[in-house]
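Have a look at the structure below, then the notes.
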Amino acid sequence: VPSPEQSAADHIAPHALAAQPRLEARFRNRPLLVFLDYDGTLCPIVSRPEDAQLAPSMREALAHLAARHRVGVVSGRSLADLRARVGLSDLWYAGNHGFEWTMPPSPTVHREAGEAHLAALAAVAAQLGTALAGIRGVILEDKRYSLSIHYRLVAAGEVDTVIGAVHAAAAGRPELRVRGGKCVVEVLPSIDWHKGRAVRRLVEAAALPGAVPIFIGDDVTDEDAFRELSGDGVGVLVSAEPRPTDAGYRLRDVGEVERFLRWLASLAGGIRA
Ligand SMILES: [Mg+2]
């Protein structure tokens with residue numbers, strides 16, 4: 001288990017399924033707050049983001065776990081898209097990297113960004129619609145609270161053009177910032193806000209004494225959540241190859257995530273909040 005001071009560069013996470021005895025000792029008879037990323041964690045990464053479907057067996061594993069523990073999905077996707085894809089009414093959801101979130105059974109949708117951010121994002125989306133129109137394979141996803149520009153299907157020689165256009169469109173707009181991910185460039189409100197803060201807020205909202213927060217994710221943006229939980233929780237990186245991370249543990253792929261969720265659901269204890 002990494003200490004908060006330990007940097008990602010000197011930690012290679014051990015396999016979570018191999019570490020079950022140690023984890024079971026930590027989780028036994030405690031309520032769990034299990035937060036998961038969506039793309040690359042609950043379902044495999046696909047060429048077109050709209051094709052990323054949750055497998056029925058994974059949905060069943062989530063529902064089974066949610067009957068015992070609090071389960072939340074935290075994604076860069078819009079809240080509405082995320083809820084529709086997962087399709088489970090009693091999970092908590094944070095969309096747009098946590099800029100919008102909801103905690104059923106309360107119907108309230110909370111939002112972090114302001115009108116100035118939304119106006120700037122809309123302007124950049126319009127500008128990019130024109131600037132990227134001639135580039136084959138680029139997907140501009142306008143999620144209102146953030147923009148995702150996917151270039152997985154763009155020819156290698158044109159990727160720099162896409163990234164350059166995004167930076168150019170956001171330049172001179174102090175309300176916004178640009179960030180890279182897996183074959184994606186994102187434009188976000190320049191608020192000091194990320195998945196780690198989103199997860200911490202959900203942990204605080206759960207208000208479960210003795211609960212162990214867990215975050216499972218595959219992308220660089222998930223490192224914020226791993227760092228946030230490195231003191232009181234457990235981070236699990238989904239990655240086929242070991243790589244430097246602030247997560248304490250690793251799972252190789254989506255199939256192993258499902259096995260891990262089923263194992264969590266089988267542990268003694270768990271109080272449904
Ligand atoms: Mg992901």
Original post:
Out of the residues in the stretch 119-152 that are within 21 Å of the chain's Cα centre (by Cα) and without any contact (Cβ under 8 Å) to a residue 60 or more places away in the chain, which is farthest from ALA206 (Cα to Cα)?
Top reply: TYR151
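Residue-wise test of (1) among the aromatic types (Phe, Trp, Tyr); (2) touching a residue at least 40 places away in the same chain (Cβ under 8 Å).
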residue	(1), (2)
LEU23	no, yes
ARG30	no, yes
TYR38	yes, yes
VAL46	no, no
LEU65	no, yes
**OP:** Confirm whether LEU267 is in contact with a Phe, Trp or Tyr (Cβ under 6 Å, 6 or more places away or on another chain), of a type outside the set (Lys, Arg) and more than 17 Å from VAL199 (Cβ to Cβ).
**Re:** yes
**OP:** Test ASP246 against the stated conditions and say whether it is within 16 Å of the ligand (Cβ to nearest atom) and of a type in the set (Asp, Glu).
**Re:** yes
**OP:** Could you check the stretch 121-232 for helices (runs of 4 or more DSSP H) lying wholly inside it with 2 or more residues that are surrounded by 15 or more Cβ atoms within 10 Å (Cβ to Cβ) and within 16 Å of the ligand (Cβ to nearest atom)?
**Re:** 195-206, 223-229
**OP:** Select the helices (runs of 4 or more DSSP H) contained entirely in the stretch 18-116, then report the ones holding at least 3 residues which are within 14 Å of the ligand (Cβ to nearest atom) and surrounded by 18 or more Cβ atoms within 10 Å (Cβ to Cβ).
**Re:** 79-86
Original post:
Counting only residues that are hydrophobic (A, V, I, L, M, F, W, C) and in contact with a helix residue (DSSP H, G or I) (Cβ under 6 Å, 6 or more places away or on another chain), which one in the stretch 55-90 is farthest from LEU208 (Cα to Cα)?
Top reply: MET58
Original post:
Can we say SER146 is over 21 Å from PHE226 (Cβ atoms) and touching an Asp or Glu at 6+ places or on another chain (Cβ under 8 Å)?
Top reply: no
Original post:
Among all residue pairs at least 6 apart or on different chains, which show Cβ distances below 6 Å where the first residue, located in the stretch 70-83, is more than 8 Å from GLY95 (Cβ to Cβ) and the second is within 11 Å of the ligand (Cβ to nearest atom) and assigned to a strand (DSSP E or B)?
Top reply: VAL73/LEU36
Original post:
What are the residues in the stretch 233-257 that are open to solvent by 30 Å² or more (accessible area, probe 1.4 Å) and either more than 16 Å from the chain's Cα centre (by Cα) or at positive phi (or both), if any?
Top reply: ALA240, GLU241, PRO242, ARG243, PRO244, ARG252, GLY255
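The values are calculated or read from the model by the stated rules, or taken from the named source; none is laboratory data. What you see is a predicted model, and the numbers here were worked out from it, not measured in a lab. Neighbour counts run over all protein chains shown; Cβ positions are idealised from the backbone, glycine included. Surface accessibility is based on the protein's heavy atoms, side chains included, excluding ligands, DNA and RNA. Shrake-Rupley method; radii C 1.70, N 1.55, O 1.52, S 1.80 Å.
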